[in-house]
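We did not get these values from a lab; they are worked out from the coordinates using the rules stated. Computed from a predicted model, the values in this text were never measured in an experiment. Don't worry about glycine lacking a Cβ; one is built from the backbone with ideal geometry, like all the others, and counts go over all protein chains shown.
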Amino acid sequence: MKTSLLLFALMLTCCFACETSSDVKAERNGVCSPVQLTSNLDAPTGLDLFTIQSTQLSDHILTVSFAYGGGCDPNHAFALYVDPSRQEDSKGVYREGRIVFTTQNPCKRLDYKDFCFDLSTLKKEVSSGRLRIRGTEQEIKF
């Protein structure tokens, strides 16, 4: 019986060990990462250990659902970089963005979580438009 309880406690500890990430804490407190404006989207470096599952925009808050590996590092982070200069296609003007993921522990565990980004900085530069994030076919209209 003691062994079963000890094993159960150990399993619970392992399941929730990575829940202390700064992004998870920020998400719980309603704080979102600000958009970083840059003219060179290829300059920020990170790992491509994620896929974007979906995006949702509510007012100036962009919520992105990720599937990612490497979440065992409690300080893993996602950052959204946007080039505020105009790009054009057949649909009109848009801005290009890139999400960068950083971690010190690219573990093999697969996590599914939502992270949010505050688009206020971008909206000060460009009041409305379309945003295309590399790695997803979805367009975000802001």
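Residues Tyr68, Tyr94, Tyr112 in ascending order of nearby Cβ atoms (within 10 Å, fewest first): Tyr112, Tyr94, Tyr68.
Per 0.36 nm of contour for each residue apart, how much would the distance between Thr63 and Thr38 grow if the chain were fully extended, relative to their Cα-Cα spacing?
Working: separation 25, 0.36 × 25 = 9.00 nm, distance 2.05 nm.
Answer, rounded to one decimal: 7.0 nm.
For the stretch 33-134, trypsin sites (Lys or Arg not before Pro) meeting the loop criterion (DSSP other than H, G, I, E, B) and having at most 14 other Cβ atoms within 10 Å: Lys91, Lys108, Arg109, Arg134.
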